[in-house]
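The values are calculated or read from the model by the stated rules, or taken from the named source; none is laboratory data. Note that the structure is a prediction, hence the values are computed from the model and not measured. Positions of Cβ are backbone-derived with ideal geometry, glycine not excepted, and every protein chain shown enters the neighbour counts.
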């Protein structure tokens, strides 16, 4: 790898990975980013999970973009995310020239995961999320460091395990923000199906500060799926991540030219990532 020495953490929404053409574009984008700096990819796959649950007759429930996960839902999440979504993306990345390695958050201490406490929704209600994991800890993830140093690109599915080996569903945005902080990343790049954070008229907000982010969450203007992204950005910001962007990853093979929102930074000391949100696949 050449270019910057600071790591980039790229979070991919599952909607970008469903079709072969989309995976091909994203694989090319991964190749571009990996040529510039060490790269760690985290992905979700919520819509494919939803489709599989519908096919199996399992009802879905989410709060603020976080999937409420019972035992049947967890089985689908693990099969879909750690199975076909991860493997297909690794295969597409390798075709694009990326030496990609497929992983989950359960692999070799990538992230310590504990079962999430009941979640206070934006509307104020307390919700038990079930088999949902919350990333914890502040130590650098050694496996990711070693893979990046070897010129490989880890592609991490948002599934983890607690200290007792219980598999847990981890929100992909939350995991990406947490890993960005623990890696001391130069950049967190969140790519999904929308062009960044949108205002009431559906227009992209080109840049925003922490105050505006808090207001969007508190007053309900942020959509359910965007709440988890904004909370992940807040935690990465607190951990001192140098640059944070939320962009569209649809129909593009160059995420650096995608429309989106930049989270403005302020000078501050680097601080450990604190628990925030957890749980939806995607």
Are any residues in segment 14-28 crowded, with 24+ Cβ neighbours inside 10 Å and more than 14 Å from residue 86 (Cβ to Cβ), and if so, which ones? none
Reported set for segment 162-181 where residues are surrounded by fewer than 22 Cβ atoms within 10 Å (Cβ to Cβ) and either in contact (Cβ under 8 Å) with a residue 24 or more places away in the chain or within 17 Å of residue 12 (Cβ to Cβ) (or both) is 162, 163, 166, 167
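Residues checked against (1) in contact (Cβ under 8 Å) with a residue 40 or more places away in the chain; (2) crowded, with 19+ Cβ neighbours inside 10 Å; (3) within 24 Å of residue 138 (Cβ to Cβ); (4) touching a helix residue (DSSP H, G or I) at 6+ places or on another chain (Cβ under 6 Å):
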position	(1), (2), (3), (4)
188	yes, yes, yes, yes
191	yes, yes, no, yes
199	no, no, no, no
214	no, no, yes, no
220	yes, no, no, no
226	yes, yes, no, no
230	no, yes, yes, yes
236	yes, yes, yes, yes
250	yes, no, no, no
Taking segment 130-149 and the residues there that are at pLDDT below 95 and assigned to a loop (DSSP other than H, G, I, E, B), the one that is farthest from residue 6 (Cα to Cα) would be 137
State yes or no: is residue 84 in contact with a helix residue (DSSP H, G or I) (Cβ under 8 Å, 6 or more places away or on another chain), exposed (fewer than 15 other Cβ atoms within 10 Å of the Cβ), over 25 Å from residue 187 (Cβ atoms) and in contact (Cβ under 8 Å) with a residue 24 or more places away in the chain? yes
Expected single match for under 22 Å from residue 233 (Cα atoms), surrounded by 17 or more Cβ atoms within 10 Å (Cβ to Cβ) and in contact with a helix residue (DSSP H, G or I) (Cβ under 6 Å, 6 or more places away or on another chain) among 159, 98 is 159
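With the structure loaded, tell me whether residue 52 is out of contact with any helix residue (DSSP H, G or I) (no Cβ under 8 Å at 6 or more places or on another chain), surrounded by fewer than 19 Cβ atoms within 10 Å (Cβ to Cβ), modelled with pLDDT of 95 or more and farther than 25 Å from residue 182 by Cα or whether it fails that test.
no
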The condition from (1) modelled with pLDDT of 95 or more; (2) over 19 Å from residue 183 (Cβ atoms); (3) in contact with a strand residue (DSSP E or B) (Cβ under 7 Å, 6 or more places away or on another chain) that residue 152 misses is numbered (2)
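Determine which member of the set 193, 177 is under 28 Å from residue 84 (Cβ atoms) and modelled with pLDDT of 95 or more.
From the options 193, 177, the qualifying one is 177.
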Criterion (at pLDDT 95 or above and part of a helix (DSSP H, G or I)) met by exactly one of 97, 83: 83
Any residue at all in segment 24-44 that is free of Cβ contacts under 8 Å to residues at least 12 places away in the same chain and either in a loop (DSSP other than H, G, I, E, B) or in contact with a strand residue (DSSP E or B) (Cβ under 9 Å, 6 or more places away or on another chain) (or both)? no
